[in-house]
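Okay, so here's the structure we're looking at.
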Amino acid sequence: MTKIGVMVCGHGSRDDEAIGEFAAVAAGIARRLPQYPVASGFLEFARPIIRDGLDKLRSQGVERVLAVPGMLFAAGHVKNDIPSVLNEYTAQYPQVRIDYGRDLDVDVRLLQVAQARIEQAERVSSRQVPREETLLMVVGRGTSDPDANSNISKVARMLWEGLGFGWCEVCYSGVTFPLVAPGLEHAVKLGYRRIIVFPYFLFTGVLVKRIYSIADEMAARHPEIEFLKAPYLNDHPLVLDAFAERVEEILAGSPNMNCQLCKYREQVIGFEAEIGLPQAGHHHHVQGIGTNADHVHAGHPHHHDHDHPHDHDHDHGHNHDHGHQHPPHPHAQHRHGPGRRNPERVE
């Protein structure tokens, strides 16, 4: 009988707290799938890298790997970078079959987690502000893939309509527009007594911490408005259930992603030049190079901060001096976007 194992493929981060949270989620997935050995790895910075995890499974006699992206939506990392790593591995070890599952996508369980996180933020406040007088700001990671970005808008609308907020806005932590600072600058003009800032992220990291920092700066500028910071999704039991289902979908033969709006396969407005681009990884230069703690221990606490002023958003559509290239975002110079590569701040 073919021995099956599970591989959880993470993005990676310079932030050690984020790496710890990912490890907790991977452990939670393993508890839900005790019938399989489970390994995990990262595209960039942290170790183990994805290849290390695959090596671990192979050393345990695994012949078929069920690989799932440890990410919310299918942008460049899920569509290109992880498959590239997996394809390279099977080319070297053809005796190992790797089947790739889909992203978490818009899932009712994650919406329930989002509701719980938003209500958690509301309970922290002693003020009695009805939801009709509250604006919900949903913050996505931001990618150069409009399909993934649009999912944040769908999540936001479902939370807005489902929870009955007076208004809802969407912004992004990088790559696309509007960024968090201009998004909040717009939101404060709408006249709501309370603004809840909710990062729709799985884990903490440089980006989430910056989102909260910008919210704090805006709150200091507008004391007449109450700003609440909702927690991100993290290792909620329903998140773990959703991941376990993505693994089981592979065995059921139904792990297909929605490719109808994929910029690599369809003529998506504004991204026509990217249709048919080859599936290639872009993370060789940062695989396993370490987190912030590694560089602090080595006496270089800010080794990567200048080249990567955020949590290494590889979908940001500009060229690094180390040869890492992505097609430019068609609106990279948008006034509320990251075109000039300035760190987010409230001015």
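The values are calculated or read from the model by the stated rules, or taken from the named source; none is laboratory data. In this text, all values refer to a predicted model and were calculated from it rather than measured experimentally. Don't worry about glycine lacking a Cβ; one is built from the backbone with ideal geometry, like all the others, and counts go over all protein chains shown. Keep in mind that these areas ignore ligands, DNA and RNA; they rest on the heavy atoms of the full protein, side chains included. Shrake-Rupley method; radii C 1.70, N 1.55, O 1.52, S 1.80 Å.
Miscellaneous remarks
- Contacts under 7 angstrom Cβ, first residue in segment 1-20 being under 14 Å from V78 (Cα atoms) and buried (at least 24 other Cβ atoms within 10 Å of the Cβ), partner aromatic (F, W, Y) and at pLDDT below 95, 6 or more apart: G12/F45
- Residues within segment 202-230 that are among the β-branched types (V, I, T), open to solvent by 20 Å² or more (accessible area, probe 1.4 Å) and free of Cβ contacts under 8 Å to residues at least 60 places away in the same chain, tallied: 0
Matching residues to (1) acidic (D, E); (2) over 23 Å from the mean Cα position of the chain (by Cα); (3) open to solvent by 20 Å² or more (accessible area, probe 1.4 Å):
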{"site": "V138", "(1), (2), (3)": "no, no, no"}
{"site": "D145", "(1), (2), (3)": "yes, no, no"}
{"site": "A148", "(1), (2), (3)": "no, no, no"}
{"site": "N151", "(1), (2), (3)": "no, no, yes"}
{"site": "G164", "(1), (2), (3)": "no, yes, yes"}
{"site": "E169", "(1), (2), (3)": "yes, no, yes"}
{"site": "T176", "(1), (2), (3)": "no, no, no"}
{"site": "A181", "(1), (2), (3)": "no, no, no"}
{"site": "E185", "(1), (2), (3)": "yes, yes, yes"}
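- Search result, residues across segment 231-247 that are open to solvent by less than 20 Å² (accessible area, probe 1.4 Å) and hydrophobic (A, V, I, L, M, F, W, C): L233, V239, L240, A242, F243, A244, V247
- Of all residues making up segment 21-41, the number that are open to solvent by less than 40 Å² (accessible area, probe 1.4 Å) and either farther than 16 Å from F201 by Cβ or among the hydroxyl-bearing types (S, T, Y) (or both): 10
- Test for A121: is it open to solvent by less than 30 Å² (accessible area, probe 1.4 Å) and in contact with a Leu (Cβ under 6 Å, 6 or more places away or on another chain): yes
- Of the residues in segment 55-65, at least one is in a helix (DSSP H, G or I), open to solvent by less than 10 Å² (accessible area, probe 1.4 Å) and at negative phi.
- Segment 1-54: number of residues that are within 19 Å of R246 (Cβ to Cβ), in a loop (DSSP other than H, G, I, E, B) and among the polar types (S, T, N, Q): 1
- Hits in segment 222-241 - residues which are within 16 Å of the chain's Cα centre (by Cα) and among the β-branched types (V, I, T): V239
- Candidate set from segment 187-201 (those that are outside any helix (DSSP H, G or I) and either small (G, A, S) or open to solvent by 10 Å² or more (accessible area, probe 1.4 Å) (or both)); member that is nearest to I118 (Cα to Cα): F201
- Filter result (in a helix (DSSP H, G or I) and either on the phi > 0 side of the Ramachandran plot or acidic (D, E) (or both)) within segment 164-186: E185
- Residues that are part of a helix (DSSP H, G or I), more than 10 Å from K229 (Cα to Cα) and not acidic (D, E), drawn from segment 105-124: V108, R109, L110, L111, Q112, V113, A114, Q115, A116, R123
- Subset of segment 75-101 [surrounded by fewer than 23 Cβ atoms within 10 Å (Cβ to Cβ) and in a loop (DSSP other than H, G, I, E, B)]: Y93, P94, Q95, V96
- Counting residues in segment 208-220 that are part of a strand (DSSP E or B), out of contact with any Asp or Glu (no Cβ under 7 Å at 6 or more places or on another chain) and among the hydrophobic types (A, V, I, L, M, F, W, C) gives zero.
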